[in-house]
């Protein structure tokens, strides 16, 4: 059966994808259309995006800053429980401490180093260690464009996915494949 053999070969040649989640950007963008973004299952979202582009899902890697407990115990513990829940579901969690700086007499909380960590891991996993053929970036942040360009120049790919609000026009300019996720898409990705 020649057709059957071709089908098996096509499945074997499917490109693999790792999902990289810019936690802070994702949360703030998604809460514009979903009441409780923390209830979303990143594996389901990753598989949904992989299915749209005909890719094999490998894993989810989540990146975010962790607030200092001194900034509020309730927020700190909620965040830690959320991260522990992700780990329990098999998500690889990567964190950096949230920096506090004084500016004009006010304490500001600033996320530092998270975007660089994501960019470095995308390059490492896709180009150096060949752990995936495609990076799927759940973020609307155009700061990733330089890393995306490096990956593209080397013959690999980064696909971005986010909701409309907060999704940079530069990421949707046509240089890279992308998907704008709608509420109906996210409704399929709760719990699990």
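Laboratory data are not the source of any read-out in this text; all were calculated from the coordinates shown. Just so it is clear, the structure is predicted and the values come from calculations on it, not from any experiment. So basically every Cβ, Gly included, is an ideal-geometry build from the backbone, and we count neighbours across all protein chains shown.
So the values come out like this:
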item: Cα gyration tensor shape for segment 136-179, rounded if a/c is under 1.5, else prolate or oblate; result: prolate
item: Proxy reagent accessibility, fewest Cβ within 10 Å first, across 89, 47; result: 89, 47
item: Listed values (i) 1.10; (ii) 1.05; (iii) 1.19, entry calculated as Cα Rg over 2.2 N^0.38 Å; result: (i)
item: Label-point gap, in nm, between residue 152 and residue 117 - each point 7 angstrom along Cα→Cβ; result: 2.7
item: Residues 159, 136, 45 arranged by fewest to most Cβ contacts within 10 Å; result: 159, 45, 136
item: Nearest-0.05 FRET efficiency for residue 107 and residue 190, computed from C-beta distance (R0 35 Å); result: 0.50
item: Listed peptides 93-99, 25-31 by packing density, highest first (mean Cβ within 10 Å); result: 25-31, 93-99
item: Estimated distance in nm for a label pair at residue 14 and residue 173, the labels positioned 7 Å out from Cα along Cα-to-Cβ; result: 3.3
item: Extension reserve of the residue 70-residue 31 stretch, reckoned as 0.36 nm per residue once the Cα distance is removed; result: 11.5 nm
item: Pairwise FRET efficiency - residue 81 versus residue 130, Cβ, R0 = 35 Å, nearest 0.05; result: 0.50
item: Mean ellipticity per residue at 222 nm, deg cm²/dmol - from DSSP H runs of n ≥ 4 across the chain, formula -39500 (n - 2.57); result: -11000 deg cm²/dmol
item: Likely footprinting exposure, 187, 68, fewest C-beta neighbours within 10 Å first; result: 187, 68
item: C-alpha long axis of helix 2-12 to longest principal axis of the chain, angle in °; result: 20
